[in-house]
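*Asks:* First the structure, which I've put down as structure tokens, then a few questions once you've had a look.
The values are calculated or read from the model by the stated rules, or taken from the named source; none is laboratory data. Source: prediction; values computed, not measured. When we count neighbours, we look across all protein chains shown, and the Cβ atoms used for this are built from the backbone with ideal geometry, even at glycine. SASA here: full protein model, heavy atoms, side chains in, ligands and nucleic acids out. Shrake-Rupley method; radii C 1.70, N 1.55, O 1.52, S 1.80 Å.
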Amino acid sequence: MSGEATAGLRRDAVGLREVLFQSVTAMAPAAAVAASIPAGAAFAGGSLPLAVLIALVACLFTASCVAELARELPAAGSVATYAAQGLHPAVGFLVGWGYVFVEALVPPLLLLQLGFTAAGTLHDEWASYPAGLWWPWALAGAAVIAVAGYLGVRASARFGTVLGVFEITVFLVFAGWLIIRAGGHNTLSVFGTSHTADGYGGVGGVFAGSVYTVLAFAGFEAAAPLAEETRDPRRTMHRAVLGAALGIGLFYVVTTYAMTVYFGPGRFASFGAAGEASWEGVARASFGLFWVLVFLAVVNSTIANANACANVSTRTAFALARIRVLPRVLATLHPRYRSPVAGIAVQTVVAVGAVLGLGFGYDPVTAFLLLATVIVTVVVGVYIVVNLACAGYFLRRGRPSLKPVRHLLLPLLGIVAFVPALLTAAGLPVFDFVTRLTAPVSYAGPVVGVWMAIGAVVLLVLIRRHPERIAETARVHLGDDTPRTATAQNGAPPR
């Protein structure tokens, strides 16, 4: 193992602060508050703070499972390794295959948002700026992310930390200002069911709002792929994943409460992501030039999120490439920075190609919606599998450490919480609040299906020709590569 350790990713490069913000920025808190969470207002109305609180509790079920597995199995393969250990190596491969695909699509998704947000705002301020000139901003963002990734995990993680602190600070200051300005209109009734939107009364409206809000939590697991580059990874990964989910969840609750009581619970069903009834619209109308900081925080959030997810995609690809279930070239590391330079190059090409191809083939907003649907559908599916893997891992390999509530009940609750989110993301009208997808966004389902079908074919070929490579998806590539609970099966205490 000493030779592999020398040739691998840079060990002990980052600590809790950096990996915590790896997960925080992957959740894109500013962009989620300004664009994602308001989607739930159409159903929950002025009870949206309650819907966000319910979504937080629901996401903590799965975050707990990821944190438990990250402590037991600190590996760059993260969710692929968890599924391989807890269920079966073949499942681990398919999870990794799907996860690499969608995490590679997150940077172009955010670069599209960067492009149309910057261009639209500049056009609103200066009509002479063409609203359609979005692509230079997207390409500039791609260059920044590529350079940060090339310079290694320490540079990219610290870059993400700075960006994350800025966006959170701006929205917390704004939220405090809103609460103060709301004065006597501050009320805890928004944590009840009395303010839901027309047609979605009571608990039903809150449930619908929470389903849409759950999607804003995606990314809390993004710290896990940095395990092999983190100091004291078993302890640090556990704290980072849970800390990010809980911390940003509370941030969502506070900011949503602030805007709800300021804007008015009775008319909050009309609140959205753009126009006068939006975060930027309120900032423009009532808080002078503070809207500029809100705008910069959202732009900052897109870059930070893209940076974090580029780290995820390249590390996961590296983990699968070194065991040769993906092309070996993706395991190529920079001799000085120990960054997966081949993966970063591929990630950059994919990002630029998707941004320009889809952005010009449709338009940047439509391309954004198409990519978002592909990504969320797969990521939520991965969360469901990870919940199963947590239960499977501790049942099959960790009985001495099995805690029924933490390792059985919470995974079950996590699955229950994310199944409605999966159906909603896929546009399957099982619930009356789910909107059926239309073309080209509806192409997301076939895209995911084709990619996973290709993965199944690759899996069958590998099982027939190189079964040992599939088995390797369960391996933890640290000097101490045996999971802590694995040795307890023969009666010996876990390490």
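*Asks:* Projecting each Cα onto the charge dipole of the chain (Lys/Arg +1, Asp/Glu -1 at the beta carbon, about the Cα centre), which of Gly202, Val165, Gly281 comes out farthest on the positive side?
*Replies:* Val165
*Asks:* Now, a different point. At a Förster distance of 30 Å, what's the computed FRET efficiency of Leu296 paired with His185, Cβ-Cβ distance as r, to 0.05?
*Replies:* With R0 = 30 Å, the Cβ-Cβ based efficiency is 0.60.
*Asks:* Next up: Using the charge dipole of the chain (Lys, Arg: +1 at Cβ; Asp, Glu: -1 at Cβ; taken about the Cα centre), state which of Thr332, Phe220, Gly176 has its Cα farthest towards the positive end.
*Replies:* My answer, from the dipole projection, is Thr332.
*Asks:* Okay, helix-only estimate at 222 nm for the chain: each DSSP H run of n ≥ 4 adds -39500 (n - 2.57), divide by all residues, round to 500 deg cm²/dmol; what do you get?
*Replies:* Calculated at 222 nm, the ellipticity per residue is -22000 deg cm²/dmol.
*Asks:* What are the DSSP H helices in the chain that stretch 27 Å or more along their long axis, judged by alpha-carbon atoms, and whose average Kyte-Doolittle hydropathy comes to at least 1.0?
*Replies:* For the chain, where a helix must reach 27 Å along its axis and average at least 1.0, the hits are 48-72, 89-125, 153-182, 290-322, 341-361, 364-396, 444-465.
*Asks:* For the chain, what is the accessible area per residue in Å², given a 1.4 Å probe and the full set of protein chains?
*Replies:* 37
*Asks:* Also, quick follow-up: Carbon and sulfur: what percent of the chain's accessible surface (1.4 Å probe)?
*Replies:* 68
*Asks:* Obtain the nm distance between the two label points defined at Arg158 and Ala439 by a simple spin-label model: each point lies 7 Å from its Cα along the Cα-to-C-beta direction.
*Replies:* 5.1
*Asks:* Determine the dipole magnitude for the chain: charges of +1 sit on the beta-carbon of Lys and Arg, -1 on that of Asp and Glu, nothing else is charged, the reference point is the Cα centre, and the result goes in debye to the nearest 20.
*Replies:* 1540
*Asks:* Any chance you could run the full-extension gain for Ala471 through Arg328? It's 0.36 nm times the residue separation minus the Cα-Cα distance, nm to one decimal.
*Replies:* Separation in residues times 0.36 nm, less the Cα-Cα distance, equals 49.8 nm.
*Asks:* Continuing with this model, one more query. (1) 36, 26, 21; (2) 35, 27, 24; (3) 72, 19, 16: which one is semi-axes √(5λ) of the Cα gyration tensor in Å as calculated from this entry?
*Replies:* Comparing each candidate, only (1) matches the computed number.
*Asks:* Now, a different point. If I ignore ligands, DNA and RNA and count only protein heavy atoms, how much of Arg10 is accessible to a 1.4 Å probe, in Å² to the nearest 10?
*Replies:* 80
*Asks:* Taking the simple approach of a point 7 Å from Cα along Cα-to-Cβ for both Phe287 and Val405, what is their distance in nm?
*Replies:* Taking the simple label geometry, Phe287 and Val405 are separated by 3.8 nm.
*Asks:* To continue, here is another question. Just checking the chain: which Cys have no other cysteine's beta-carbon under 4.7 Å?
*Replies:* Those would be Cys59, Cys309, since no other cysteine Cβ in the chain comes under 4.7 Å of theirs.
*Asks:* Working out 0.36 nm times the residue gap between Val461 and Leu250, then minus their Cα-Cα distance, what length gain in nm do you get to one decimal?
*Replies:* Between Val461 and Leu250, full extension yields an extra 71.4 nm.
*Asks:* How would Trp137, Trp97, Trp126 line up by accessible area, probe 1.4 Å, largest first?
*Replies:* Solvent-accessible surface, decreasing: Trp126, Trp137, Trp97.
*Asks:* Let me ask something else. Classify the stretch 269-411 from the C-alpha gyration tensor, please: rounded if a/c falls under 1.5, else prolate or oblate depending on whether a/b exceeds b/c.
*Replies:* oblate
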